[in-house]
Amino acid sequence: MDEVILEMSDKMEKNIEAYRRELARIRTGRASLNLLDGIKVEAYGSSMPLNQVATLTIPESRMIVIQPWDTQQVSAIEKAIHGSDLGLTPNSDGKVIRLVIPQLTEERRKEMVKQVKKISEEYRVAIRNSRRDAIDALKKLKNDKQLPEDDFFRLQDEAQQETDRFIKQIDTIMADKEKEMMEV
């Protein structure tokens, strides 16, 4: 019966990891290689992740340098960046591409905070859905007489405590991201 709670906690942990990855893609005023996650480049007849066709570095806090391993891929990389939803303009000298991360306006920062809050709520709902699934599984066990009522209530409380713990993690991560985004 405790495996139901363990499985629920595992799902919640995976939700937290996915949440962190998703927030890492949201642009703040600083350069981060996570911004480029998910950008695919048409190279050698297939779609490849950017980090598999170039070296990515951050020489200063507001710039990302992309150095393709094959200089013939420069235009394909520029095209991929233009096609992404980053809103960044690549500057190229034919060998190296530089992405300058502009300072965010106050209005843009507020929009992004709203986006973070929306994503956070989606993950809170996912956490609560995991709790609901676990409690449904426990109810089924109780109704099938495989779980005593005392254990059912104890496990239900455990499920709620785990849910509260993970929701608190989301709130903390969200607050940190908001603080980072509102820094000028």
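Which residue, of Q156, Q160, is polar (S, T, N, Q), surrounded by 12 or more Cβ atoms within 10 Å (Cβ to Cβ), over 30 Å from N34 (Cα atoms) and touching a Leu at 6+ places or on another chain (Cβ under 7 Å)? None of the others qualify; the one that does is Q156.
Answer yes if at least one residue in region 15-33 is open to solvent by 20 Å² or more (accessible area, probe 1.4 Å), within 30 Å of K140 (Cα to Cα) and of a type outside the set (D, E, K, R), and no otherwise. Within region 15-33, one or more residues are open to solvent by 20 Å² or more (accessible area, probe 1.4 Å), within 30 Å of K140 (Cα to Cα) and of a type outside the set (D, E, K, R). Pairing each residue of region 150-171 that is over 20 Å from L23 (Cα atoms) with any residue that is among the charged types (D, E, K, R) and assigned to a helix (DSSP H, G or I), provided the two are 6+ apart or on different chains, yields C-beta distances under 6 Å for F152/K142; A159/R131; T163/R131. Beta carbons closer than 9 Å, at least 6 apart along the sequence or on distinct chains, pair a first residue in region 101-114 that is of a type in the set (S, T, N, Q) with a second that is loosely packed, with under 13 Cβ neighbours inside 10 Å and assigned to a loop (DSSP other than H, G, I, E, B) for Q103/V184.
Comparison of S130, S120 shows that the only residue that is under 30 Å from R62 (Cα atoms) and surrounded by 18 or more Cβ atoms within 10 Å (Cβ to Cβ) is S120. Within the option set E60, E78, being modelled with pLDDT of 85 or more and under 15 Å from P102 (Cα atoms) holds for one residue only, E60.
Matching residues to (1) within 28 Å of the chain's Cα centre (by Cα); (2) under 20 Å from M8 (Cβ atoms):
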position: V100; (1), (2): yes, no
position: Q146; (1), (2): no, yes
position: K168; (1), (2): yes, yes
position: D176; (1), (2): yes, no
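Annotation note: of R98, R109, R124, the sole residue that is of a type in the set (D, E, K, R) and part of a strand (DSSP E or B) is R98.
Among the residues making up region 35-47, those that are over 20 Å from the mean Cα position of the chain (by Cα) and surrounded by fewer than 20 Cβ atoms within 10 Å (Cβ to Cβ) are E42, Y44, G45, S46, S47.
Restricting the first member to region 43-57 and to residues that are closer than 15 Å to K79 by Cα, and the second to residues that are exposed (fewer than 13 other Cβ atoms within 10 Å of the Cβ) and of a type in the set (F, W, Y), the beta-carbon pairs closer than 8 Å and six or more apart or on different chains are V53/W69; A54/W69. Apart from one condition, S84 fits all of (1) open to solvent by 70 Å² or more (accessible area, probe 1.4 Å); (2) out of contact with any helix residue (DSSP H, G or I) (no Cβ under 7 Å at 6 or more places or on another chain); the exception is (1). Within region 50-75, being open to solvent by 40 Å² or more (accessible area, probe 1.4 Å), of a type outside the set (K, R) and in contact with a Lys or Arg (Cβ under 7 Å, 6 or more places away or on another chain) holds for S61, T71. The set of residues in region 65-95 being in contact with an Asp or Glu (Cβ under 7 Å, 6 or more places away or on another chain), assigned to a strand (DSSP E or B) and more than 19 Å from R25 (Cα to Cα) consists of S92 alone. Restricting attention to region 163-184, which residues are part of a helix (DSSP H, G or I) and surrounded by fewer than 15 Cβ atoms within 10 Å (Cβ to Cβ)? Result: D164, R165, K168, D171, T172, A175, D176, K179, E180.
The values are calculated or read from the model by the stated rules, or taken from the named source; none is laboratory data. Small disclaimer: the values here were computed from a predicted structure and weren't measured. Ideal geometry is used to build each Cβ from the backbone, glycine not excepted, and the neighbour counts take in all protein chains shown. For accessibility, only protein heavy atoms count, side chains too; no ligands or nucleic acids. Shrake-Rupley method; radii C 1.70, N 1.55, O 1.52, S 1.80 Å.
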